[in-house]
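Worksheet for the structure shown next.
The values are calculated or read from the model by the stated rules, or taken from the named source; none is laboratory data. Note that this is a predicted model, so its numbers are computed, not measured. Because the Cβ atoms are built from the backbone with ideal geometry, glycine has one as well, and the counts that use them run over all protein chains shown. Surface areas here come from the heavy atoms of the whole protein model, side chains and all, with no ligands, DNA or RNA. Shrake-Rupley method; radii C 1.70, N 1.55, O 1.52, S 1.80 Å.
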Amino acid sequence: MNNITKILILLLFLPLLLRSQGEFNNWYFGKYPEGTGVTFNSGTPVPVANGVFGNIGITVNISDSLGNLLFFSDGKYIYNNNKTIMPNGTGLSAGFIDGGQPVLAVPKPDDDSSYYLFTVGNLQLLGTSIGFLYSIVNMRLDAGLGDIESVNKNLSVSGAETAWLSITGTRHKNNQDIWIVTTISSFDSLHYASFLLDGYGLSSSPVLSESMSGVTYHPPLLPYKTPPIAIKISPDGTKLIGLYGGDDNEFCTFNPLTGQVERMFFINLNDPTSGFVSAEFSIDSKYLYLSHSTLPGLSGKILQFDASLTDSTQFMQSKVVIDSGFTRACLQMGPDWKIYGSEIEKDSLSVIKNPSIIAPGCNYQRNALGLIGYCSDGLPQFIQRYKAYIHSTGQCQGNPIHFS
């Protein structure tokens, strides 16, 4: 297939890619006590006041396809679109949630008005287990403002009692089901656990893949291997990175058909004064951006890597520093496919305007978007809408071409 034909195909599908879908348009996050927010409903990000909560970790925000806010949560409380706590929206986790990547919300596959809210705690002391829990938010309740029925609140997932700190998700290869990905710890092992969510509910038998990272703490404090502080899966569903704060950060492949995780190599800076805290991919999954924090008084950085490289040496050689001089930042792709970065205690967001272009062409701008309120070190996480697979049969010259 020649380049002209490829361009024509891209133009053919471009209107579908740009069709208005507002599920990711409202972001609430930020520093205690009130936090801050951004809306993308006008096509460009506009700061809005939060006024109800602040959170130092990852949050979730759910909107409908028109960009109308439905609810948002920090994993402890769930707020409706009036910014009031739902009647049964407190005490969402059996454990302490403060920081990390502890909450994820996804649509219920068999119900267009309900959502799963998944949580994992981040504190395990004296052998106690917090585990992997879920609740079901029903938007038909409370006159359409949404609520959680008590029978569908804080339901534990058998076998995942030692899941903690981080949870994320991605679409299954079939574009209908969803993989919910966390980690399960024991004293001497750590496994990525991929739970399949489909129209029948959440699978009770996760796909387990052993991690080679994690530090074992001895009883009575934290008697399990330490999980990643963040997990990020690429938009095409084929790459996964687990960040462990210091060294031994894992760059892995992910199989969206089977849920299997396979480590390719570690990403290490060999710098005892810093550790990776956040990751994001470009929309085409070609480039990986990593943020790392440092000890107080030292300079953090945002780095770009070529995520298409599978050789560890070549991957590390592709590193480009696109920013330095801060202490801690969280990265998240917006609905406009730009990558936004929060910096703790700042009243603005940074932006990578062209993440799919090698630096410096990625066009990074620090403090580009002013906010009403202050950032923490977390931004909302979202599960991507759908993956696109374009298949062709036939040849370009003299024969018809069939696309699906």
Original post:
How about the range 259-281: which of its residues are polar (S, T, N, Q) and open to solvent by less than 60 Å² (accessible area, probe 1.4 Å)?
Top reply: Asn268, Thr273, Ser274, Ser278
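Results for (1) assigned to a helix (DSSP H, G or I); (2) modelled with pLDDT of 90 or more; (3) touching a strand residue (DSSP E or B) at 6+ places or on another chain (Cβ under 6 Å), shown as yes or no for each residue.
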residue: Pro227; (1), (2), (3): no, no, yes
residue: Lys232; (1), (2), (3): no, yes, yes
residue: Asp247; (1), (2), (3): no, no, no
residue: Gly259; (1), (2), (3): no, yes, yes
residue: Glu262; (1), (2), (3): no, yes, yes
residue: Phe266; (1), (2), (3): no, yes, no
residue: Glu280; (1), (2), (3): no, yes, yes
residue: His292; (1), (2), (3): no, no, yes
Subject >> Pairs, first closer than 12 Å to Asn80 by Cα in the range 51-69, second charged (D, E, K, R), C-beta under 8 Å, six or more apart >> reply: Val52/Glu34; Val52/Lys83; Ile62/Glu23; Ser63/Glu23
Original post:
Do you know which residues across the range 123-148 are in a loop (DSSP other than H, G, I, E, B) and either at pLDDT 95 or above or open to solvent by less than 30 Å² (accessible area, probe 1.4 Å) (or both)?
Top reply: Gln124, Ile130, Gly131, Met139, Arg140, Leu141, Leu145, Gly146
Original post:
Would it be correct to say that Tyr287 is farther than 30 Å from Asn175 by Cβ and in contact (Cβ under 8 Å) with a residue 24 or more places away in the chain?
Top reply: no
**OP:** Working only within the range 29-48, note down all residues that are in a strand (DSSP E or B), open to solvent by less than 20 Å² (accessible area, probe 1.4 Å) and either of a type outside the set (A, V, I, L, M) or at pLDDT below 95 (or both).
**Re:** Phe29, Thr36, Gly37
Subject >> Single unsatisfied condition, Val151 versus (1) open to solvent by 30 Å² or more (accessible area, probe 1.4 Å); (2) over 28 Å from Asp111 (Cα atoms) >> reply: (2)
**OP:** Evaluate the following for Val181: is it aliphatic (A, V, I, L, M), outside any strand (DSSP E or B) and at pLDDT 95 or above?
**Re:** no
**OP:** Output the residue which, of all residues in the range 133-180 that are of a type in the set (Val, Ile, Thr) and without any contact (Cβ under 8 Å) to a residue 60 or more places away in the chain, is nearest to Leu379 (Cα to Cα).
**Re:** Ile136
Subject >> Qualifying residue in the range 297-309 (condition: farther than 24 Å from Ile357 by Cβ, crowded, with 18+ Cβ neighbours inside 10 Å and not hydroxyl-bearing (Ser, Thr, Tyr)) >> reply: no
Original post:
Going through the range 323-351 one residue at a time, which ones are part of a strand (DSSP E or B), open to solvent by 30 Å² or more (accessible area, probe 1.4 Å) and in contact (Cβ under 8 Å) with a residue 40 or more places away in the chain?
Top reply: Met333
Subject >> Enumeration of residues in the range 352-364 that are out of contact with any Pro (no Cβ under 7 Å at 6 or more places or on another chain) and either acidic (Asp, Glu) or open to solvent by less than 10 Å² (accessible area, probe 1.4 Å) (or both) >> reply: Ile352, Pro355
Original post:
When the range 49-70 is examined, which residues are found to be among the hydroxyl-bearing types (Ser, Thr, Tyr), surrounded by fewer than 22 Cβ atoms within 10 Å (Cβ to Cβ) and closer than 22 Å to Ala329 by Cα?
Top reply: none
Subject >> When residues of the range 156-173 are limited to those that are farther than 16 Å from Tyr116 by Cβ and outside any loop (DSSP other than H, G, I, E, B), the one modelled with the highest pLDDT >> reply: Ser166
Subject >> Filtered residues of the range 49-87 (kept if polar (S, T, N, Q) and part of a loop (DSSP other than H, G, I, E, B)) >> reply: Asn50, Asn55, Ser65, Asn68, Asn81, Asn82, Thr84
